[in-house]
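Written below as structure tokens is the structure these notes are about.
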Amino acid sequence: MTAPLTKILCIDDDADILEIVKVSLEVFGGFKLLTCLGGHDGIRQAASWQPDLILTDVMMPEVDGLATFKMLRQNQATANIPVVFMTARVERSQMAEYRALGAAAVIQKPFDVTKLSQEVRNVWQELPARNN
Amino acid sequence: MDMIEFDGTPGADLLVLIVDGNAADREACMRALARSRGTRYRFVSATDAPGGLQAIAAHSPDLVLLDALLPIQEKIAEQYPLLPVILLTSGDDEAPPCLKPHCFKTHRFKKDDFRTSHFRTSHGMDTNLTQSAISGTGQTGTENSLHEAIRAAMAERRSRRLSPQTMAQIEALIIDDNPLDREACMRALRRESGVRYHFVEAVDEHSGLELLAARPPDVLLLDYSMPCSDGLDVLPKIREKHPFLPVIMLTGMGSEALAVRCIKAGASDYISKSNLSGSALHRAIVSAIDQNRDARTIDQQSRTIQRQREHLEASNHFLHSLLDHIPDPIFVKNGAHRWLMANRAFRELVGASGYGHSLVDSGRSILPPDAVETFWEQDEAALHGGAPLVSEQTIADRAGQRRLFSIKRATFHDRLGERVLVGVMRDISAQRQAEDDFKLQAEQLMSQSQDLANLGAILEESLQEIFIIDAETLCILQANRGARRNLGYAQHEMEKLHVLEIAPQFTELQLRKILEPLETGESNETVHHAAYRRKNGSLYDVEVHTQAAVSNGCKAFIQIALDETERKRVEHMKGEFISKVSHELRTPLTSIRGALGLMQSGAVGELPDKASSMVRIANTNAERLTRLVDDILALEKSVSGNLALHITETSAADVLRQTIESHAGYAERYKVQFVLGNVPPEIAGHGAVMADSLRLTQVLSNLMSNAAKFSPPGGQVIVRALENGANMRFEVEDRGCGIAEDFRPLIFEKFAQADSSTARRFEGTGLGLSITKQLVEAMGGEIGFETEVGRGTTFYFELPRPAQAQPDQDTCSQRGHSASVLICEDDPDMSLIIKMAIEQAGFETTIVATLREAAEKLREMTFSAMTLDLNLPDGDGLEFLKELRSQFSTSRMPVVVVSASAAEARQTLTEEAPLTDWLAKPLDQQSLVQSIRAAMQRGESLLRLLYVGGDGNLGNDLAHKLAGAAQLVMARDLADCYREIRARHFDLLILDPGLPVDLRKELLDHVGSGAEDMPRVLALEDADLGISAGPQDGGHEEASPADMLDKVRSMAMSELARTTGKIQ
């Protein structure tokens, strides 16, 4: 049985997007949101807050999404938290690349605020191995 | 005696008789006289006395040169008293005395003088002669002396003859029938003292005329009245033959009238017999003789003059004929500019006639008015200059034709000392014309060659690369500076090069194929793209325009190569820019849409109606802007060729169904219904299309949304697929308004929406159909539409179906044009060469310069093969290759190692044989392509295994183990598995031991229920892998991997051998 998804950590370098994601997921999904401006902050918060799922932007200054992802994986505390990439890049090759790296999903920007929470929920439910 | 008077004037003839027994003397005489000037001597000769007398009688010589020893001098003197005789003496011979006082004086000439050349006065020689001889010329030459002697003798004779009183004897012929009268005459004359008469008598006309003919007398006394005839009848007969014979008419009666008649008839005088006195008769005789001698002299002189005139006329005629036959005009003037003469050519030129007088008469006016002045000036200059003068003048001829003459003028003095001008003209019109023509041509040639040189200079200086290439050999004949500079060759190096040396990616055959339309005349120009190789080996992209031409009479090609480096760079930059801008636009768009979406959804509180409506508008347009950004990016990619396509066999029906499903919302929004029409049956070899399923979906989606937008509410959009030969045809049919005719040509243009012509405004970017077309074409298909205004439109496109199972299915055809080769090469020029070669063979290429990039690309997409350099900046190619082989996804990928150290490297990886090939640098492009094809073919011909389930580790290991013998494809789960099985044939399914039992059962059911060509299944158990317990953390570390894999491999192989017999 699937454990409920409640805590979502969102990492982005754009505060506006963080705000929108937060409102969207809180309002439509009823999730608990913690938003972090940038990879460093995200990694730190993830370890301490222990979210069920992490949403991270890919293109960010300093620490980008991939670096963030690797660091999360390297940290025992965050290694098993599913990570969903959010990206404005639409190349399929990259989506495949992220998936190959172990991303739970790739959500394309811009997204539909009304459907984002459902999308996240679908991703969560398609993570069977972890929840077995 | 009828003799020619010798007066010493030039041209006179003298007939000389030489009587001498000595031939040498005769000859000496002739020689001496022949050399004398002025007198023409003719000679007759005799050797003895009788011969001499005969010769005198026969030839009537003017003079006799007589050997003094011959005894005929006296005889001659008697018979021919007026004949001059010069005695030729030898030594000191004494001259015989002159016997008779009346005898003609005889001159002497000493023969020795011929030899001694000294003139000596001969004994008894006349002093006059001596003087004249000595003083005449002052010369001592013998010949002249003899000549002078002759002159003297002749002069003496003349003087003698001029005076009858000095005549020694007068011979008179009396013709009278009366002997008494005759006697009376003779008696009367004999009484006259001083003159000795010698009489010959004739009694009648007849005998008288006979005697007259035999020997003409000095005077004739003719009786007027004779029995048979009278004197007036006889006189004309006598005059006829002897015009200068003195005739005295004797008559008995005598009257004035008769006398006049006689004189008129030709008598010299008239004497009456009645009062005949000796003195009167003698006077009459002497007077008649004198008179007639004068007449004869005058006659002879006039004859001479006549002869001379005739001679002169002949000379003149000759001269004029000569001049007239000279084709060049010749004229002669005197110092006063009077025309003296002009030849026919000149007369014809100016239209004058006559030789001299008419010219003189017409004066200067004979020349055309415009030529007169110059002509005169030149004449004047020549007359006063002395030296010959050459000038040129144009003179219009009679016909008005202007002719150019070169005129040479020279002057001389005539015998009178007057200056004479002679001019010779030569018509040089034609010559000058020819010269002018030649000059003109030369100038034109110069000008043309100058033009050509200018043109050549322009071409030479052009920044474009321009080549002239021998069409026969494809060698470069000429290359301009731009070409030499870009390629880095010197001129002399350039001109030996074969085109293929600078365009190495082509074979001669390929190049000739490209240029063929020029050879056949099918086209004036061909354009192809090439990578030119510089002398230093580096490459650059060019667009080559070729035209056929002729160079130095040989067929040639003119090629202009435009360097595309910059253009490509700019294109690349543009692409980068668009890509970047698109991404950058997305971020704010995400916020805008998010914010608007939240507001619209009411998530952040209820909005008033008006605000809600505004937010809706803003949100709709934000969405539209997002699509626009997407489309621009998509279009840029498809246009620039950066669109990555993953073409596989795709089920047409599946794609159609999925697209319809995903467009349900769309259908709802536009109140249309998407209807799935005909779809091809999905049985073996049918229903599939070679396409990138994602792009195919995108194409269908674009067409369907387009159709929905243009359909009336409640309308249907029918989507179908039909097999059309080798292609699959997709159709999207709407019942909309159709496309206006004038908009049809623009339908696939960017931003072309028929907004203005239709009442309804449709949302969309205006890029959809343009992108759709690009996508279809990128997948090797074609798109089109059929439309009818008011009835609807059907868009259709066709994509290739998979090649039907053919015995020797080739990699390329099976994979279509999408077969893609990764080129890993850090030298950009080398990579370009490889790229060219591979693309030429019909594959797509992707170039990476580092191993890291290569790894990235390999993760992103699947390549049919790759080329690998071993010496790369970020690592060892061999290590990378080993890693590739260890990876599941790349373990079966054909790799062609292109390296200078390929041969050595090969030794280190012996087990890599079947899917790796090794090529040494420098690279032979043909071998490269062959190698890649062969490697692909090997890959394709391998047995196909599908590994289902598991975490991939075992699958990877097994794939590696099987490399070269079989191809192993990995399926993560059953869905993957089913998809793979549908897409292609597998010889064996291998089920991972970790695959749950229920799934195994499902799979086995599925496979078992299928058609005959379903693969065998090998289900691995943990026991097969030597694992006793259940799955544990740490995987298979406890088992020996090599053993385990060998075991699995042998199981797989034996299974395959059992079922297919394909394992050798």
> About its Cα centre, how strong a charge dipole does chain A have in debye, to the nearest 20, once Lys and Arg get +1 and Asp and Glu get -1 at the Cβ?
Replying inline: 500
>> Within chain A, how many Lys pairs that are eight or more residues apart, or on different chains, come under 14 Å at the alpha-carbon?
In response: 4
> Any idea how far apart B:Tyr978 and B:Leu455 come out in nm if each label point goes 7 Å out from Cα toward Cβ?
Replying inline: 7.4
> How much of B:Glu461 can a 1.4 Å solvent probe reach, expressed as accessible area in Å² and rounded to 10?
Replying inline: 100
>> If you split all Cα-Cα distances of segment B:22-91 into 5 Å bins from zero, what percentages do you get per bin, shortest first?
In response: 3, 15, 28, 27, 17, 8, 1
> How much solvent-accessible surface does B:Ser321 expose, in Å² to the nearest 10, with a 1.4 Å probe and all protein chains in place?
Replying inline: 30
>> In segment A:77-106, what residues drop by 20 Å² or more of accessible area when the other protein chains are put back, versus the chain on its own? Use 1.4 Å, and skip ligands and nucleic acids.
In response: A:Ala88, A:Arg89, A:Val90, A:Glu91, A:Arg92, A:Ser93, A:Glu97
> Rounded to the nearest 0.05, what FRET efficiency do B:His337 and B:Ala295 have when you use their Cβ-Cβ distance and R0 = 56 Å?
Replying inline: 0.75
>> Based on alpha-carbon centroids, what's the gap between segment B:582-638 and segment B:380-429 in Å, whole number please?
In response: 109
> From a point 7 Å beyond the Cα of B:Arg432 in the direction of its Cβ, which residues of segment B:376-408 have a backbone N at a distance under 18 Å?
Replying inline: B:376-379, B:389-408
>> Give me the percent of accessible area attributable to carbon and sulfur for chain A, probe 1.4 angstrom.
In response: 49
> If one computes the Cα centroid of segment A:96-116 and of segment B:251-330, what distance in Å separates the two points?
Replying inline: 159
> Which residues, if any, in segment B:598-626 have at least 50 Å² less accessible area in the whole protein complex than in the isolated chain, probe 1.4 Å?
Replying inline: B:Leu598
> Given 5 Å bins starting at zero, what is the percent of C-alpha pairs of segment B:301-447 in each, up to the one with the largest pair distance?
Replying inline: 2, 9, 15, 19, 18, 12, 8, 7, 4, 3, 1, 1, 0, 0, 0, 0
> Leaving out ligands, DNA and RNA but keeping every protein chain, what accessible area does B:Asp692 have, in Å² rounded to the nearest 10, with a 1.4 Å probe?
Replying inline: 0
>> With viscosity set to 1.002 mPa s at 20 °C, what whole-number translational diffusion coefficient in µm²/s follows for segment B:202-320 from Stokes-Einstein and a Kirkwood radius over Cα pairs?
In response: 135
> Once B and A are treated as a pair rather than alone, how much accessible area drops out, both sides summed, in Å² to 100, probe 1.4 Å?
Replying inline: 2000
>> Tell me the Rg and the Dmax, in Å, that the Cα atoms of segment B:503-592 produce.
In response: 20.3, 72
> Taking Cα atoms of segment B:580-626, Rg/Rh with Kirkwood Rh, to two decimals?
Replying inline: 1.05
> So what are segment B:421-493's ellipsoid semi-axes, whole angstrom, largest first, if each one is the square root of 5 times an eigenvalue of the alpha-carbon gyration tensor?
Replying inline: 48, 13, 9
>> Can you list residues from other chains, or at least 5 along the same chain, whose modelled amide H is less than 5 Å from the amide H of A:Asp13?
In response: A:Gly38
>> Using a Förster radius of 60 Å, what is the FRET efficiency between B:Gln441 and B:Arg859 based on their Cβ-Cβ separation? Nearest 0.05, please.
In response: 0.20
>> I need the calculated FRET efficiency for the pair B:Arg616 and B:Glu495, taking r as the beta carbon distance and R₀ as 56 Å, to the nearest 0.05.
In response: 0.15
>> If you roll a 1.4 angstrom probe over the protein chains with everything in place, what fraction of the accessible area of segment B:416-480 belongs to carbon and sulfur, to the nearest %?
In response: 60
> Rounded to the nearest whole Å², what accessible area per residue is found for chain A with the 1.4 Å probe?
Replying inline: 46
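The values are calculated or read from the model by the stated rules, or taken from the named source; none is laboratory data. Model, not experiment: these values are computed from the prediction. Every residue, glycine as well, gets a Cβ built from its backbone with ideal geometry; the counts of neighbours run over all protein chains shown. Ligands, DNA and RNA are stripped out before the accessible areas are found, and what is left, the full protein with its side chains, is counted by its heavy atoms. Shrake-Rupley method; radii C 1.70, N 1.55, O 1.52, S 1.80 Å.
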